[in-house]
Structure formats: C-alpha cells, structure tokens
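Down below is the structure, laid out as structure tokens.
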Amino acid sequence: MQLIRDIYAAKRVAAQPVISFGFFPPKTSEGDRNLLEKTIPALLRTKPDYCSVTYGAGGSTRDKTLMIVDRIQRQHGLVALAHLTCVEAAREQIRELLGQIHALGCRNVLALRGDPPGAAGREAGGVGRQ
C-alpha cells in the first residue's frame with residue numbers, strides 16, 4: 001500500500017488537493033455493513049486518496065478498527081490509515097497492535113496519546129467523558 005506522505009508529496013507537485021474520509025467504527029453489525037457495503041462504495045465515486053479509521057478510547061474499538069482498515073484496503077483497494085490510541089496501553093500491547101496492523105498490509109498509522117479516562121482527561125485539557 002502507498003504511504004500517505006507520498007500521496008501528499010505527489011499531490012503537492014501536481015497542485016491538487018488531497019481528499020480523505022475519516023470513519024469511526026460503527027457500534028452495530030448493521031452499521032458495519034452499511035459503512036462497508038453502502039457508504040464507502042458511494043464515497044469512492046469522489047476518488048478519495050485515502051481513508052482513516054479512528055480508534056476508541058482505551059482500545060474499545062480496536063478489533064473493529066482493524067477489520068475496517070483491512071476491508072477498505074482489500075475490498076475497495078483504497079489506502080487506509082489506522083488510528084492508534086496509546087493512553088493506558090503498555091509498550092508490549094502497542095508493539096502487538098502494530099504487528100497486527102503491519103500483518104494487514106497497512107503502512108499508515110496515526111499514533112495518538114489520547115485523553116486519560118475520567119477526571120484526569122478533563123484536568124489535562126482533554127474532552128473527558130461525562
């Protein structure tokens with residue numbers, strides 16, 4: 001798969017905009033089907049350069065994030081960027097997850113610290129959870 005930095009470099013040379021879409025993994029199986037079978041195919045008509053898939057707080061959507069990244073690449077032939085939230089994750093957990101992402105053929109990762117859960121997130125200037 002192409003690297004996003006290379007997409008930006010080529011578009012800059014060509015004086016063209018980069019088009020991307022970002023998705024949050026749906027909460028239900030029906031939402032998964034809708035995203036993968038209807039939404040993404042419809043958006044492909046705009047010829048996006050890549051899609052990103054977010055990663056829930058504390059890794060809550062990790063498996064779905066990986067599944068969606070995999071399907072975006074394999075079924076739709078589109079470059080994918082996997083988000084990786086690192087807050088409260090041990091070094092070995094991050095290493096394992098990066099190995100899974102690599103095994104999927106995804107070469108684009110956006111590693112984020114993420115907000116600490118609860119009050120700590122609000123105190124640190126993060127959004128926090130209500």
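Worth pointing out:
- Taken together, the criteria exclude residue 66 from residues that are touching a helix residue (DSSP H, G or I) at 6+ places or on another chain (Cβ under 8 Å) and modelled with pLDDT of 95 or more.
For every residue, the table says whether it meets (1) among the hydroxyl-bearing types (Ser, Thr, Tyr); (2) surrounded by fewer than 19 Cβ atoms within 10 Å (Cβ to Cβ); (3) modelled with pLDDT under 90.
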| site | (1), (2), (3) |
| --- | --- |
| 71 | no, no, no |
| 76 | no, yes, no |
| 82 | no, no, no |
| 86 | no, yes, yes |
| 89 | no, yes, yes |
| 96 | no, yes, no |
| 100 | no, yes, no |
| 103 | no, yes, no |
| 110 | no, yes, no |
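- Of the set (1) β-branched (Val, Ile, Thr); (2) exposed (fewer than 15 other Cβ atoms within 10 Å of the Cβ); (3) within 17 Å of residue 83 (Cβ to Cβ), all apply to residue 46 but (3).
- Any chance residue 31 is surrounded by fewer than 15 Cβ atoms within 10 Å (Cβ to Cβ) and within 12 Å of residue 83 (Cβ to Cβ): no
- Identity of the residue in the range 100-115, of a type outside the set (Gly, Ala, Ser) and part of a loop (DSSP other than H, G, I, E, B), that ends up farthest from residue 51 (Cα to Cα): 115
- Residue in the range 8-20 that is surrounded by 13 or more Cβ atoms within 10 Å (Cβ to Cβ) and within 24 Å of residue 93 (Cα to Cα) present: no
- Residue match in the range 44-57 (condition: touching a helix residue (DSSP H, G or I) at 6+ places or on another chain (Cβ under 7 Å), among the hydroxyl-bearing types (Ser, Thr, Tyr) and at pLDDT 95 or above): yes
- Those residues of the range 15-39 which are small (Gly, Ala, Ser) and under 22 Å from residue 2 (Cα atoms), in sequence order: 15, 20, 22
The values are calculated or read from the model by the stated rules, or taken from the named source; none is laboratory data. Keep in mind that this is a model prediction, so the values were computed, not measured. Glycine also receives a Cβ, built like all others from the backbone with ideal geometry; neighbour counts cover every protein chain displayed.
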